[in-house]
Amino acid sequence: MDINQASEAFRVLLQEQLTRLEKMNCEKTDFTKKDVITIGVIDGDGIGPIITQHATRVLENLLADKIAAGKIVLKKIEGLTLQNRLAQGKPIPDDVLANIKTCDVLLKGPTETPMGGTLESANVTMRRELDLYANVRPVCIPEKNIDWIFYRENTEGEYVLGSRGVELPGMAVDFKVITDLGTRRIARAAFEYARQNGKTHLSVVTKANIMKKTDGKFTAICHEIAKDYPEITVEDYYIDIMTANLLIEGFREKFQVFVLPNLYGDILTDEAAQIQGGVGTAGSANIGDRYAMFEAIHGSAPRLIAAGLGDYANPTSILKAAAMLLRHICCTAEAEKLEAALEKCPVKVTGDRDGATCAQFADALMQIL
Ligand code: NAD
């Protein structure tokens with residue numbers, strides 16, 4: 001690329017972002033008013049098919065009556081595999097995306113994103129295509145007095161334009177975008193959660209001292225929304241110090257709700273999940289007004305597969321995501337039942353042969369259910 005081509009690429013990108021802004025407002029799905037709710041199940045790559053298979057068994061068990069009555073449909077979505085995505089040269093092949101859009105909510109196994117190359121992440125694409133703007137990740141360790149929930153903006157920041165950078169001889173440039181509307185809706189979601197759940201402290205985490213335009217906007221808009229929630233104390237933190245704060249016992253317990261742009265949210269939630277006991281132990285929700293997708297927070301664990309240990313993958317993370325899905329579609333009793341069973345399940349999965357297999361864990365869970 002030369003400088004003129006790079007400038008043209010940037011112009012196209014800005015135009016696309018303005019078009020995205022125009023389409024941003026959408027009516028929220030009211031699950032209490034839907035006659036039939038379709039849950040799409042996507043296997044994904046690596047350990048994905050193993051953990052989703054057992055999560056599906058658990059969902060079928062919990063929702064047996066509603067499935068029999070035709071109120072809930074579990075629909076398998078095929079084709080979101082790395083092999084098919086590479087063959088079709090699309091992060092989500094068109095027919096797969098059309099199928100996904102026939103569902104209301106999705107339970108998704110992790111999908112692999114090759115390093116380098118041009119294939120965009122299936123997750124980034126799905127969040128953009130379904131406008132899943134809020135990535136919600138709870139982290140709870142009662143014995144340590146930790147009860148955190150992260151509201152990570154999911155459709156903007158660095159990731160949404162991550163495959164749209166420009167390369168000139170000897171130089172590469174990526175772009176980051178933050179919009180008023182995009183920030184308002186994630187901030188509103190975080191503050192609403194805080195109010196509805198009796199939380200009194202919310203942290204806005206950015207790097208606004210350095211990224212003055214984008215993170216500066218994010219912070220300013222969060223404070224604008226905060227005026228509607230006077231009962232909630234709002235504090236600003238920079239991402240670097242916040243990664244340290246989460247490790248300080250005696251201080252970290254004060255944090256309750258976090259709202260963050262995309263990249264910082266990605267990093268901080270993995271750290272928080274690790275504090276909870278590893279990325280295998282946390283669920284994640286990707287929520288939009290029309291659709292929602294629920295998944296484990298970890299990846300496809302290719303090293304586990306390469307070591308022949310796929311059957312020893314821990315399904316806890318995707319099962320926690322399944323509980324969040326149930327809550328989202330107003331199956332609260334079923335969600336509580338699953339959460340209680342997960343707490344009680346005595347079987348330990350370590351990701352190695354010294355622990356139980358994914359199937360043994362699911363069998364024990366089904367016994368409790
Ligand atoms: P990873 O989460 O796949 O693995 C990190 C470590 O955790 C590895 O040691 C792995 O063996 C272990 N691990 C992960 N899940 C586990 C489980 N359920 N049980 C036991 N051990 C588990 O992260 P990575 O290696 O950085 O990424 C691998 C691939 O996954 C990449 O292609 C990446 O793009 C993709 N990924 C996908 C998602 C998603 O679809 N939501 C999220 C993160 C990474």
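Just a yes or no: is a residue in the stretch 261-278 out of contact with any strand residue (DSSP E or B) (no Cβ under 9 Å at 6 or more places or on another chain) and under 28 Å from residue 60 (Cβ atoms)?
The answer is yes; a qualifying residue exists.
Condition first: over 14 Å from residue 127 (Cβ atoms) and within 13 Å of the chain's Cα centre (by Cα). Now tell me which residues in the stretch 280-296 satisfy that.
Of everything in the stretch 280-296, those that are over 14 Å from residue 127 (Cβ atoms) and within 13 Å of the chain's Cα centre (by Cα) turn out to be 282, 283, 296.
Could you identify the single residue in 305, 318, 275 that is within 9 Å of the ligand (Cβ to nearest atom) and within 22 Å of residue 141 (Cβ to Cβ)?
Going through 305, 318, 275 in turn, the sole match is 318.
What number of residues within the stretch 279-295 satisfy the criterion of being near the ligand (Cβ under 7 Å from one of its atoms) and in contact with a strand residue (DSSP E or B) (Cβ under 7 Å, 6 or more places away or on another chain)?
Within the stretch 279-295, residues that are near the ligand (Cβ under 7 Å from one of its atoms) and in contact with a strand residue (DSSP E or B) (Cβ under 7 Å, 6 or more places away or on another chain) number 1.
Inside the stretch 332-354, can you point out the residues that are charged (D, E, K, R), more than 16 Å from the ligand (Cβ to nearest atom) and over 15 Å from residue 318 (Cα atoms)?
Passing the criteria: 334, 336, 337, 344.
Please verify whether residue 215 is loosely packed, with under 14 Cβ neighbours inside 10 Å and in contact (Cβ under 8 Å) with a residue 12 or more places away in the chain, treating the condition exactly as stated.
no
Could you grab me the full set of residues in the stretch 111-125 that are more than 9 Å from the ligand (Cβ to nearest atom) and in contact with a Pro (Cβ under 9 Å, 6 or more places away or on another chain)?
Here is the first cut: in the stretch 111-125, the residues more than 9 Å from the ligand (Cβ to nearest atom) are 116-120, 124-125.
Result: 119, 120, 124, 125.
What are the pairs, 6+ residues apart or on separate chains, where a residue within the stretch 1-22 that is touching a residue at least 60 places away in the same chain (Cβ under 8 Å) and under 14 Å from residue 164 (Cβ atoms) has its Cβ under 9 Å from a residue that is loosely packed, with under 10 Cβ neighbours inside 10 Å and not β-branched (Val, Ile, Thr)?
1/169
Out of (1) among the hydrophobic types (A, V, I, L, M, F, W, C); (2) under 30 Å from residue 298 (Cα atoms); (3) without any contact (Cβ under 8 Å) to a residue 60 or more places away in the chain, the odd one out for residue 55 is which?
(3)
Pairs please, first residue from the stretch 334-350 and outside any helix (DSSP H, G or I), second anywhere and of a type in the set (Gly, Ala, Ser), Cβ atoms under 6 Å, 6+ apart in sequence or on different chains.
That search, which allows pairs on different chains as well, returns 345/364; 347/356; 347/364; 348/355; 349/355; 349/356.
What is the number of the single condition among (1) in a loop (DSSP other than H, G, I, E, B); (2) surrounded by fewer than 20 Cβ atoms within 10 Å (Cβ to Cβ); (3) within 16 Å of the ligand (Cβ to nearest atom); (4) under 19 Å from the mean Cα position of the chain (by Cα) that residue 300 does not meet?
All conditions are met except number (2).
Note down all Cβ pairs under 8 Å where the first residue falls in the stretch 102-129 and is more than 20 Å from residue 262 (Cα to Cα), the second is near the ligand (Cβ under 10 Å from one of its atoms) and of a type in the set (D, E, K, R), and they're at least six residues apart or on different chains.
Cβ pairs passing all conditions: 107/295; 109/45; 109/295.
For the stretch 163-182, which residues satisfy the criterion of being in a loop (DSSP other than H, G, I, E, B) and touching a Leu at 6+ places or on another chain (Cβ under 9 Å)?
Of everything in the stretch 163-182, those that are in a loop (DSSP other than H, G, I, E, B) and touching a Leu at 6+ places or on another chain (Cβ under 9 Å) turn out to be 163, 164, 174, 175, 176, 179.
Run down 249, 253 and say which single residue is within 23 Å of residue 144 (Cα to Cα), surrounded by fewer than 13 Cβ atoms within 10 Å (Cβ to Cβ) and touching a residue at least 40 places away in the same chain (Cβ under 8 Å).
Of the residues listed, the single one that is within 23 Å of residue 144 (Cα to Cα), surrounded by fewer than 13 Cβ atoms within 10 Å (Cβ to Cβ) and touching a residue at least 40 places away in the same chain (Cβ under 8 Å) is 249.
Read-outs: derived from the displayed coordinates by stated rules, not from any lab. Note that the coordinates shown come from a computational prediction; the quantities given were computed from them, not determined experimentally. Backbone-built Cβ (ideal geometry, glycine too); neighbour counts: all protein chains shown.
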